[in-house]
Amino acid sequence: MKNSSSQPFNAKLAIVLFSIISLGYLAILGRTILAPLLTSFLLAILLLPLANFLEQKCRLKRSMASIISVVLMIAVICSILFFLANQLTDLWQDWPLLKQQGETSFHELQHWISSNFGVNAQKQIEYVKEGASKVLSTSAVFVGATLLTLSTSLLFLFFLLLFTFFLLNYRRVLFSFLTSVFEEQHTEKVGEIVRQIQYIIKKYITGLFLQMFIVTSLMMLVLWILGVKYAVLLGLITGIFNIIPYIGIFSALVISVLITFATAGAAKVLLVIIAFIAVHTIDGNVLMPLVVGSKVKINALFAFIGIVVGEMVWGISGMFLCIPYLAMLKIIFDRIDSLKPWGILLGGEDKPNKKRKVYRLSKNIKLEEQE
């Protein structure tokens with residue numbers, strides 16, 4: 001059998017492209033199962049220290065420790081959702097005021113368009129009615145899509161909780177499978193890769209949640225100082241959306257600008273935009289390097305490509321999953337000689353004269369990280 005290194009470049013390229021297309025097609029087909037499964041894997045890594053503590057220190061059975069870990073996770077998620085629902089209730093109570101402000105702003109916009117572009121109000125209303133009729137004609141499609149999204153989300157949450165429990169409960173079986181499926185000479189390297197993935201992903205997710213908390217607190221404080229109504233709600237939305245790189249902060253800005261415009265007028269909209277720019281600058285240049293650090297060294301080009309492809313394949317969950325799983329791929333690529341060029345392609349540009357921190361994962365395994 002020929003060695004893969006002796007194959008011509010065209011053959012290697014064809015195999016790589018065929019593998020990528022096949023994996024993408026399988027990912028689309030298995031979206032209902034794979035998206036919650038991969039999300040559960042990240043949550044299981046995050047809950048692993050708690051499960052180990054309950055099992056080893058509290059002398060609980062592994063299944064009971066896994067159940068308690070998942071229940072605590074559900075409690076935290078429900079607390080956040082309950083707090084968010086309370087804030088949305090306050091917003092809903094002010095809906096008449098928002099509607100009145102929106103109508104006033106619409107009439108002002110009509111007057112501005114009429115005076116600057118010569119389009120009278122009657123024609124503008126006709127354009128709006130024409131667009132509204134098109135929207136109403138497809139309302140059934142929108143309602144159906146909304147119901148489908150709701151049912152899909154509930155199914156996603158059900159699978160998420162179930163898979164998280166199973167991954168925690170059978171984690172040693174999965175680790176034994178990974179180490180035994182390869183030849184015995186590669187067992188040590190496989191174990192090293194698994195431990196490094198576990199270490200880096202745990203640090204990344206922990207840092208991500210800490211970053212989300214700091215960004216939320218900063219936005220709440222700044223918006224409260226500016227006297228923006230619903231400062232708590234907008235700060236929470238900004239912190240949650242900030243988990244999605246690049247796109248999340250822009251979406252939060254649009255929502256905040258619309259709510260601020262409806263409640264406080266155009267004057268404070270500019271202040272909100274400046275506040276978002278300032279907080280995002282602090283987040284990108286201080287919080288991200290300090291809190292998340294270089295745990296995930298993926299260059300911006302492939303991070304953005306991963307976000308776009310993830311959204312195309314799995315929607316919002318794909319946008320969230322792309323960065324940590326690209327990091328896992330880079331760890332694997334960097335430690336397999338034939339795949340090192342792919343690791344270089346995914347990684348950031350190394351800067352000269354940088355010291356390296358060394359973390360000891362176990363007695364014989366160390367992890368190096370740039371400062």
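The values are calculated or read from the model by the stated rules, or taken from the named source; none is laboratory data. Only a predicted model underlies this, so the values are computations on that prediction, with no experimental measurement involved. Positions of Cβ are backbone-derived with ideal geometry, glycine not excepted, and every protein chain shown enters the neighbour counts. Ligands, DNA and RNA are stripped out before the accessible areas are found, and what is left, the full protein with its side chains, is counted by its heavy atoms. Shrake-Rupley method; radii C 1.70, N 1.55, O 1.52, S 1.80 Å.
Restricting to the stretch 222-248, count the residues that are at pLDDT 80 or above and either of a type in the set (Asp, Glu) or not in a loop (DSSP other than H, G, I, E, B) (or both).
The total comes to 15.
Pick out the one residue from Leu270, Leu253 that is open to solvent by 70 Å² or more (accessible area, probe 1.4 Å), part of a helix (DSSP H, G or I) and modelled with pLDDT of 80 or more. Break it down stepwise before answering.
Details: Leu253 fails: open to solvent by 70 Å² or more (accessible area, probe 1.4 Å).
It is Leu270.
Could you tell me whether Glu192 is among the acidic types (Asp, Glu), modelled with pLDDT under 85 and surrounded by 13 or more Cβ atoms within 10 Å (Cβ to Cβ)?
yes
Just to be sure, is Ser137 of a type outside the set (A, V, I, L, M, F, W, C) and either at pLDDT 70 or above or under 30 Å from Leu208 (Cβ atoms) (or both)?
In short, no.
May I ask you to list the residues in the stretch 164-188 that are farther than 22 Å from Lys61 by Cα and open to solvent by 90 Å² or more (accessible area, probe 1.4 Å)?
Correct list: Phe182, Glu183, Glu184, Gln185, Glu188.
Does Met73 satisfy the condition of being open to solvent by 70 Å² or more (accessible area, probe 1.4 Å) and in a helix (DSSP H, G or I)?
So Met73 fails the test.
A quick yes/no check of all residues on (1) assigned to a helix (DSSP H, G or I); (2) surrounded by fewer than 17 Cβ atoms within 10 Å (Cβ to Cβ); (3) touching a Lys or Arg at 6+ places or on another chain (Cβ under 9 Å); (4) at pLDDT below 85:
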| position | (1), (2), (3), (4) |
| --- | --- |
| Met1 | no, yes, no, yes |
| Lys12 | yes, yes, no, yes |
| Ile20 | yes, yes, no, yes |
| Thr39 | yes, no, no, no |
| Leu43 | yes, no, no, no |
| Cys58 | no, yes, no, no |
| Ile77 | yes, yes, no, yes |
| Leu84 | yes, yes, no, yes |
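Restricting attention to the stretch 351-365, does a residue exist that is more than 30 Å from Val228 (Cβ to Cβ) and modelled with pLDDT of 80 or more?
Scanning the stretch 351-365, I find no residue that is more than 30 Å from Val228 (Cβ to Cβ) and modelled with pLDDT of 80 or more, so the answer is no.
Looking at the stretch 204-250 only, could you name the residues that are over 20 Å from Glu311 (Cβ atoms) and surrounded by fewer than 17 Cβ atoms within 10 Å (Cβ to Cβ)?
Passing the criteria: Thr206, Phe209, Leu210, Phe213, Ser217, Leu221, Trp224, Ile225, Leu226, Gly227.
Per-residue answers, yes or no, for (1) open to solvent by less than 60 Å² (accessible area, probe 1.4 Å); (2) modelled with pLDDT of 80 or more; (3) within 16 Å of the chain's Cα centre (by Cα); (4) of a type outside the set (Val, Ile, Thr):
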residue	(1), (2), (3), (4)
Thr281	no, yes, no, no
Gly284	yes, no, yes, yes
Leu321	yes, yes, yes, yes
Ile332	yes, yes, no, no
Pro341	no, yes, no, yes
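Looking only at the stretch 256-265, filter to residues that are surrounded by fewer than 17 Cβ atoms within 10 Å (Cβ to Cβ) and touching a residue at least 12 places away in the same chain (Cβ under 8 Å); which one of those is nearest to the chain's Cα centre (by Cα)?
Thr263
Touching a residue at least 24 places away in the same chain (Cβ under 8 Å) and under 24 Å from Phe304 (Cα atoms): does that describe Phe276? First the steps, then the outcome.
Working: touching a residue at least 24 places away in the same chain (Cβ under 8 Å): yes; under 24 Å from Phe304 (Cα atoms): yes.
It is true that Phe276 is touching a residue at least 24 places away in the same chain (Cβ under 8 Å) and under 24 Å from Phe304 (Cα atoms).
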